[in-house]
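Shown next, in structure tokens, is the structure this report addresses.
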Amino acid sequence: MFKEVTYGMVGGDLKALIGECHRKALGLDPRAKLVCGCFSAIDELNDECAEAYHVDKSRVYYNAEDMAKAEAGKIDFVSICTPNFVHYSAAKTFLEHGINVVCEKPLTLTVEEAEDLARIAKEKNLVFAVDYCYSGYVMCKVMKQMIARGDIGKIIAVNANYIENSFLGLLAEKEQVNGRIWRTDPKYSGISNTCADDGTHVEHLVHYVTGLKIKRLLATTDTFGKKLDLNDNIILEYENGVHGAYWFTQVACGCPNEIDLRIMGTEGCLEWHQTRPDEVVYIKKGEAPRTLCRAGDGIDVPAGKLARVPFGHPEGYYIAIANIYRSVIDTILKLKNGETPTEEDLDFPDVETGVNGVKFFHAVVESAQNNSKWVEIN
């Protein structure tokens with residue numbers, strides 16, 4: 001019986017925020033071992049990262065193609081933590097060599113590329129996860145199960161925000177000359193910055209928690225004279241006729257990294273904030289609001305048992321990512337052992353989730369560029 005998995009990483013050198021988050025999250029799972037990588041396009045950074053994480057020099061690569069070819073049949077999955085424009089080529093290379101993939105979001109720059117990856121993963125029967133990590137929070141899973149059980153009745157409205165200030169300084173620049181901010185450059189980010197980077201998290205999280213699918217949307221986007229969107233406002237209609245409103249911005253003064261989610265139903269509502277991820281406010285019709293706390297009393301759905309540390313000890317972002325990887329590793333190990341993964345094992349954002357995210361930000365940009373017309377999402 002296989003009890004451990006080995007993995008490689010593309011991108012994510014020691015100076016990269018997200019790669020470090022992935023490695024630390026995987027470090028919480030003793031079943032996963034980093035054995036190879038192509039951590040940077042800069043040789044010195046690549047070597048430095050490999051040395052820091054004790055990766056054998058013979059398994060350090062200087063392009064993804066060489067790594068995929070050499071590691072085919074040796075590693076269980078690859079974690080892709082590169083800038084957006086590399087996702088498609090890297091993921092496709094590893095899929096074609098029969099290697100399972102975990103990829104940062106947004107999955108690709110175009111819908112066609114995303115659908116191509118989904119096709120290859122399906123044809124080769126490979127595991128493909130996309131790091132929409134906020135669904136890894138235990139209390140988001142609790143909300144999902146409460147809604148499915150009918151605790152708030154029929155959903156009648158959704159309101160969600162993702163607001164932060166990471167690009168506020170860009171507004172003061174006369175020209176976009178800061179080459180370090182690759183996310184604001186269409187060559188590296190495609191047609192969208194804020195919606196692709198942050199907004200797709202919300203698109204996935206709302207669908208994950210509620211099960212609602214977007215039918216159509218209309219949007220406005222603000223670039224403030226820069227190349228890509230920095231502020232987005234969106235009205236949505238879901239397939240069951242319910243409406244929602246989203247606001248995404250990366251120029252909100254004083255806001256660190258805030259996701260606010262409110263789900264309104266005929267019998268109650270649920271409210272969650274990423275800056276307080278261990279809490280959900282539950283308001284049942286006719287009763288006073290209650291705050292449910294991870295690992296605390298009053299949570300009677302199965303997801304309440306997923307907490308890693310006891311009540312009163314905060315969990316955080318690293319653990320949310322680790323929970324995504326835990327499900328991926330559970331799935332890979334069961335497949336290696338000839339077992340069938342359960343619904344709980346498969347509770348991670350898959351490649352189709354990634355496709356939906358790409359369709360979403362393309363629809364937002366299309367609407368905004370056409371006088372905020374309604375755009376259907378297929």
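The values are calculated or read from the model by the stated rules, or taken from the named source; none is laboratory data. These figures come from a predicted structure and were not determined experimentally. Every residue, glycine among them, receives a Cβ derived from its backbone with ideal geometry; neighbour counts consider all protein chains shown. Note: areas computed on protein heavy atoms with side chains; ligands, DNA, RNA excluded. Shrake-Rupley method; radii C 1.70, N 1.55, O 1.52, S 1.80 Å.
Between the beta carbons of E344 and F311, assuming R0 = 25 Å, the FRET efficiency works out to 0.70 to the nearest 0.05.
Please give every one of the lysines within straight-line cross-link reach of K284, meaning a C-alpha to C-alpha distance under 21 Å, and leave out same-chain neighbours fewer than 8 residues apart. By straight Cα distance, K284 reaches K141, K144, K154. Less than 28 Å apart at the alpha-carbon level, and either on another chain or at least 8 residues along: which lysines does that give for K226? Straight-distance partners of K226: K15, K105, K174, K187, K359, K373. Quick one: in segment 251-378, what % of C-alpha pairs are over 26 Å apart? Every Cα pair in segment 251-378 considered, those over 26 Å come to 46 percent. Computed 3J(HN,Hα) for segment 324-332, one whole-Hz value per residue from the Karplus formula 6.51 cos²θ - 1.76 cosθ + 1.60 where θ = phi - 60°, is 5, 5, 4, 5, 4, 5, 4, 5, 4, glycine and proline marked x.
Mind jotting down the distance between the C-alpha centroids of segment 77-125 and segment 276-296, whole Å? About 38 Å separates the Cα centre of segment 276-296 from the one of segment 77-125. Heavy-atom accessible surface of the chain, averaged per residue, reaches 44 Å², computed with a 1.4 Å probe. Among the trypsin sites (Lys or Arg not before Pro) found in segment 264-329, those both in a DSSP coil and sparsely packed, with 14 or fewer other Cβ atoms within 10 Å of their Cβ, are K285, R308. Would you please state the base-10 log of I(q)/I(0) at q = 0.11, 0.13 1/Å for segment 44-198, with intensities from the Debye formula using one equal scatterer on every alpha carbon? Rounded to two decimals, the profile gives -0.63, -0.84. If a spin label sat at a point 7 angstrom from the Cα of E44 along the line to its beta carbon, the backbone N atoms of segment 3-22 nearer than 14 Å would be those of 14-15. Modelled label positions at K57 and Q145, each set 7 Å beyond Cα in the direction of Cβ, lie 5.0 nm from each other. Please get the size of the charge dipole for segment 296-378, origin at its Cα centre, with Cβ charges of +1 on Lys and Arg and -1 on Asp and Glu, quoted in debye to the nearest 20. Dipole magnitude for segment 296-378 comes out near 280 debye.
The alpha carbons of the chain give a radius of gyration and a Dmax of 20.6, 65 Å, in that order. Calculated on the Cα set of segment 1-70, radius of gyration then Dmax: 11.8, 39 Å. In this rough spin-label picture, where each label sits 7 Å from Cα along the Cβ direction, the E366-K213 distance is 1.7 nm. Label point of E376 set 7 angstrom out along Cα-Cβ; within segment 220-260, amide nitrogens under 15 Å from it belong to 237-240.
What you get for the chain, charging only the Cβ of Lys and Arg (+1) and of Asp and Glu (-1), is a dipole of about 540 debye around the Cα centre. Once you have a ≥ b ≥ c as the square roots of the Cα gyration tensor eigenvalues for segment 159-256, tell me rounded if a/c is under 1.5, and otherwise prolate or oblate according to whether a/b is larger than b/c. Cα axes put segment 159-256 in the prolate bin. Contact order for the chain, expressed relative to its length and based on alpha carbon pairs under 8 Å spaced 6+ residues apart, stands at 20 percent. The label point for K15 and the one for T291, both projected 7 Å from the Cα toward the Cβ, are 4.1 nm apart.
For segment 41-134, the Kirkwood radius over C-alpha pairs fed into Stokes-Einstein at 20 °C and 1.002 mPa s yields D = 154 µm² per second. Derived scalar couplings between HN and Hα for segment 237-250 equal 10, 8, 4, 8, x, 5, 10, x, 9, 10, 9, 10, 8, 10 Hz in order, rounded to whole Hz, by the Karplus curve 6.51 cos²θ - 1.76 cosθ + 1.60 (θ = phi - 60°), x for Gly and Pro. Within the accessible area of segment 252-378, the carbon and sulfur atoms contribute 50%, probe 1.4 Å, all protein chains present.
Relative contact order of segment 1-158, taken over Cα pairs closer than 8 Å and 6 or more residues apart, is 18 percent.
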